[in-house]
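Undergrad: Structure incoming, see below.
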Amino acid sequence: MNFSEIEQMYLKTIFEILYESPDAIVKTTQLAKLMGVSPASTTEMIQKLESRNMLTYISYKGCRLTPIGFNYGARIKRRESLLELLLVEVIGFRGDYKSIACSMEHSINEELEIAIDNLLGYPEKSVDGKKIPLIDRDI
């Protein structure tokens, strides 16, 4: 499936919320605030992602990722975490590695993700010590 960068950002953000609170329903206003957009824009994007079977939307309550959406969001988060480790631990970059990894995560494919994972020795923790999602990991 092909998703735009903004669609990927929504899926990753929803994943991050649900990863911390698995039973949560992600409120539209909460998501809008995190994404820096209006609640109306967020509702429109949620409905678009629902039509692509990535999430379930309950009017006036919020949304939850479908299993497919959860895996896709985890994949984006995983790529971001691997890129952060690559930038900090391999390259020795000391700048704003988070925003750079966030920009780069949308540009890498599965083949490059696997190569980075291999290069890093299949890490389990991110730069900030959080668990890296293990979606479809092939060691």
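The values are calculated or read from the model by the stated rules, or taken from the named source; none is laboratory data. Bear in mind that the values here come from a model prediction, so they are computed numbers and not experimental data. Cβ coordinates were reconstructed from backbone atoms using ideal geometry, including for glycine residues, and neighbour counts include every protein chain displayed. These accessible areas exclude ligands, DNA and RNA; they are computed on the full protein's heavy atoms, side chains included. Shrake-Rupley method; radii C 1.70, N 1.55, O 1.52, S 1.80 Å.
Undergrad: The list [x] 13, 47, 33, 6, 0; [y] 12, 42, 32, 13, 1; [z] 12, 44, 34, 9, 1 gives values of P(r) over Cα pairs in 10 Å bins from 0, in percent, and only one came from this structure; which label was calculated from it?
TA: Correct label, based on the coordinates given: [y].
Undergrad: Tell me, what % of the accessible area of the chain is carbon and sulfur with a 1.4 angstrom probe?
TA: So the carbon and sulfur contribution to the accessible surface is 53 percent.
Undergrad: Here's another thing I want to ask about it. Rounding to the nearest 10 and keeping the result within 0 to 90°, find how far the Cα-based axis of helix 110-119 lies from the longest principal axis of the chain.
TA: That helix lies at roughly 40 degrees to the long axis.
Undergrad: How much accessible surface does Glu50 have with a 1.4 Å probe, in Å² rounded to 10?
TA: 70 Å²
Undergrad: Among Ser21, Ile58, Tyr72, whose Cα lies farthest out toward the positive end of the dipole of the chain, if unit charges sit on the beta carbon of Lys, Arg (+1) and Asp, Glu (-1)?
TA: Result: Ile58.
Undergrad: Provide the gained length on full extension for the span Ile25 to Ser51, in nm with one decimal, where the gain is 0.36 nm per separating residue minus the Cα-Cα distance.
TA: Taking 0.36 nm per residue and subtracting the Cα distance, the gain is 7.6 nm.
Undergrad: Once both axes come from the Cα atoms, what is the angle between helix 39-51 and the longest principal axis of the chain, in degrees from 0 to 90, rounded to 10?
TA: Compared with the principal axis, the helix lies near 80 degrees.
Undergrad: For the chain, what is the mean residue ellipticity at 222 nm derived from helices alone (per DSSP H run of n ≥ 4: -39500 (n - 2.57); sum divided by total residues; nearest 500 deg cm²/dmol)?
TA: Computed ellipticity for the chain at 222 nm equals -16500 deg cm²/dmol.
Undergrad: Could you state the number of Å between the C-alpha centres of the stretch 80-123 and the stretch 2-47?
TA: Answer, in whole Å: 23.
Undergrad: Sequence neighbours fewer than 8 away in the same chain don't count; with that in mind, list the lysines whose C-alpha is under 27 Å from Lys131.
TA: Straight-line reach from Lys131, under 27 Å: Lys12, Lys27, Lys33, Lys77, Lys98.
Undergrad: State in Å² the accessible area per residue of the chain; use a 1.4 Å probe, count heavy atoms of protein chains only, and round to the nearest integer.
TA: Counting only protein heavy atoms, the per-residue value for the chain is 56 Å².
Undergrad: Moving to a separate point now. On a 1.4 Å probe surface of the protein chains, which of Ser99, Ser126 comes out largest in accessible area, and what is the full order?
TA: Final ranking, largest accessible area leading: Ser99, Ser126.
Undergrad: How many nm separate the modelled label positions at Ser59 and Glu111, each set 7 Å beyond the Cα in the direction of the Cβ?
TA: 4.7 nm
Undergrad: From largest accessible area down, sort Cys63, Cys102; use a 1.4 Å probe on the protein chains.
TA: Cys102, Cys63
Undergrad: Then there is this: Got a sec? What order do Phe15, Phe70 fall in by accessible area at 1.4 Å, biggest, i.e. largest, first?
TA: So, going from the largest accessible area down, we get Phe70, Phe15.
Undergrad: Now a separate question. Please give the charge dipole size of the stretch 27-135, origin at the Cα centre, charges +1 on K and R Cβ atoms and -1 on D and E Cβ atoms. Round to the nearest 20 debye.
TA: Computed charge dipole of the stretch 27-135: roughly 580 debye.
Undergrad: Output the 0 to 90 degree angle, nearest 10, between the alpha-carbon long axis of helix 5-20 and the longest principal axis computed from the alpha carbons of the chain.
TA: Rounded to the nearest ten degrees, it is 90.
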